[in-house]
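Before I ask anything, let me first share the structure, which is written out below as structure tokens.
The values are calculated or read from the model by the stated rules, or taken from the named source; none is laboratory data. Since the structure is predicted, the reported quantities are computational estimates derived from the model, not experimental observations. Cβ placement follows ideal geometry from the backbone for every residue including glycine, while neighbour counts extend to all protein chains displayed.
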Amino acid sequence: MFECHAHMVLDGADWRAAIAGHTPLPDMALVRARLEAYRAAGIEYIRDGGDRQGVSLAAAQLAGEYGIEYRTPVFAIHRKGRYGGMVGREFSDVAEFRALVGEVKRLGGDFIKIMYTGILDFAEFGKVSDASPDPDIAELVKIAHGEGFSVMAHVNGADAVRVAVAAGTDSVEHGFYLDEQAMSELASSDTVWVPTVAPVANLIGCGRFPDETLKKIVESQVLNIKRVSELGGIVAPGSDAGAYAVPHVSGTQDEYAYLKTALSDAAIAEGEQMIRIKFKRQ
Ligand SMILES: [Zn+2]
């Protein structure tokens, strides 16, 4: 199995406590225990979404001991004042972005992770925070590609995903609330979609958010996954492991179960291989 979107720094429960546990230095015993748990569950590939504490970088350096291929962007990158501070570093202009890309290279990162929009509001179907996509997406992707990096982008909403695809983004993460046009453009591109169903579906019944809204979001995402696959698009399994209600290992297994309601095993395997090929270590 592949986990194409994980956050080793997080624990699936309390992000503040999880990050505090890796401050000032990564908790290496915990990272090793998690890698061992992934290995024991047959998970052979992990692509991390990054963090500010160096946890995903440490995991990438140790993963070979566990027979796991591990890819890290070191930290995620977001525009100042927009979503992403929990796992990333910020830029104010394109020059600062370029400097952060240089930093990822210097630290030994494998690819660039960028936040294009914000996150879902689980209380209201269709609502996304920081919904208008970052204004410089095309330029940001060009810079990352120019340095030999692929781009993993956190992005939600049909319009923002269309911009992401047009810019040549290598993978679109989450991508909730697509419309037919966004799905057809995604499907006819080389961009891989990692639709992360688990962080929404696993909230159903927890009492924090209205179950009806959560179910509606999950149903629309599953229908969209089917549609994109029918149109010839590539979809890969990534659970956002570490996010709230998405524990490491069981979150990965949950995501497979959700994807299997929409995709054939062959389609999932194709998505895994496309992520593996596109996000090769530089
Ligand atoms: Zn994530």
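Do any residues in region 166-182 that are of a type in the set (Gly, Ala, Ser) have Cβ atoms under 6 Å from those of residues that are surrounded by 24 or more Cβ atoms within 10 Å (Cβ to Cβ) and assigned to a loop (DSSP other than H, G, I, E, B), where the two are at least six apart or on different chains, and which pairs are they?
The qualifying pairs are Gly175/Pro195.
Something else now. On the given criteria, is Lys113 within 16 Å of the ligand (Cβ to nearest atom) and of a type in the set (Lys, Arg)?
Against the criterion (within 16 Å of the ligand (Cβ to nearest atom) and of a type in the set (Lys, Arg)), Lys113 qualifies.
Restricting attention to region 28-67, and to residues there that are under 25 Å from Met115 (Cβ atoms) and among the charged types (D, E, K, R), which single residue is farthest from the chain's Cα centre (by Cα)?
The selected residue is Arg34.
With the checklist (1) at positive phi; (2) modelled with pLDDT of 95 or more in hand, flag the one item Met8 doesn't pass.
Result: Met8 passes all but (1).
Next question, about the same structure. Given the options Arg89, Arg52, name the one that is part of a strand (DSSP E or B) and more than 13 Å from the ligand (Cβ to nearest atom).
One residue alone meets the criteria, Arg89.
Only residues that are assigned to a helix (DSSP H, G or I) and without any contact (Cβ under 8 Å) to a residue 12 or more places away in the chain: list them for region 188-222, please.
Passing the criteria: Asp211, Glu212, Lys215, Glu219.
Val104 passes all but one of (1) surrounded by 24 or more Cβ atoms within 10 Å (Cβ to Cβ); (2) of a type outside the set (Gly, Ala, Ser); (3) within 16 Å of the ligand (Cβ to nearest atom); which number fails?
(3)
If Trp15 meets every condition in (1) crowded, with 16+ Cβ neighbours inside 10 Å; (2) touching a residue at least 40 places away in the same chain (Cβ under 8 Å); (3) away from the ligand (no atom under 15 Å from the Cβ) apart from one, which number is that one?
Exception for Trp15: condition (3).
If you don't mind, another one. Name the pairs whose Cβ atoms lie under 8 Å apart, with the first residue in region 23-35 and touching a residue at least 40 places away in the same chain (Cβ under 8 Å), the second small (Gly, Ala, Ser), and 6 or more positions between them or separate chains?
Note: pairs meeting the criteria are Arg34/Ala59.
Next up: Would you point out which residue out of Gly67, Gly88, Gly54 is surrounded by 23 or more Cβ atoms within 10 Å (Cβ to Cβ) and either in contact with a Pro (Cβ under 8 Å, 6 or more places away or on another chain) or not charged (D, E, K, R) (or both)?
None of the others qualify; the one that does is Gly88.
Further question: Those residues that are over 20 Å from Arg16 (Cα atoms), outside any helix (DSSP H, G or I) and not aliphatic (A, V, I, L, M), I need them from region 58-86; list them, please.
Gly67, Glu69, Tyr70, Arg71, Thr72, Pro73, Arg79, Lys80
Another question about this same structure. Tell me, please, whether a residue that is in contact with a Gly (Cβ under 9 Å, 6 or more places away or on another chain), crowded, with 19+ Cβ neighbours inside 10 Å and over 22 Å from Arg89 (Cα atoms) can be found in region 1-12.
yes
Looking only at region 78-85, decide whether some residue is closer than 28 Å to Tyr116 by Cα and crowded, with 23+ Cβ neighbours inside 10 Å.
Yes, region 78-85 contains a residue that is closer than 28 Å to Tyr116 by Cα and crowded, with 23+ Cβ neighbours inside 10 Å.
Per-residue answers, yes or no, for (1) within 16 Å of the ligand (Cβ to nearest atom); (2) surrounded by fewer than 21 Cβ atoms within 10 Å (Cβ to Cβ); (3) hydroxyl-bearing (Ser, Thr, Tyr); (4) closer than 24 Å to Leu214 by Cβ:
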residue	(1), (2), (3), (4)
Val228	no, no, no, yes
Pro237	yes, no, no, yes
Val246	yes, no, no, yes
Gln253	no, yes, no, yes
Lys260	no, yes, no, yes
Ser264	no, yes, yes, no
Ala269	no, yes, no, no
Arg276	no, yes, no, no
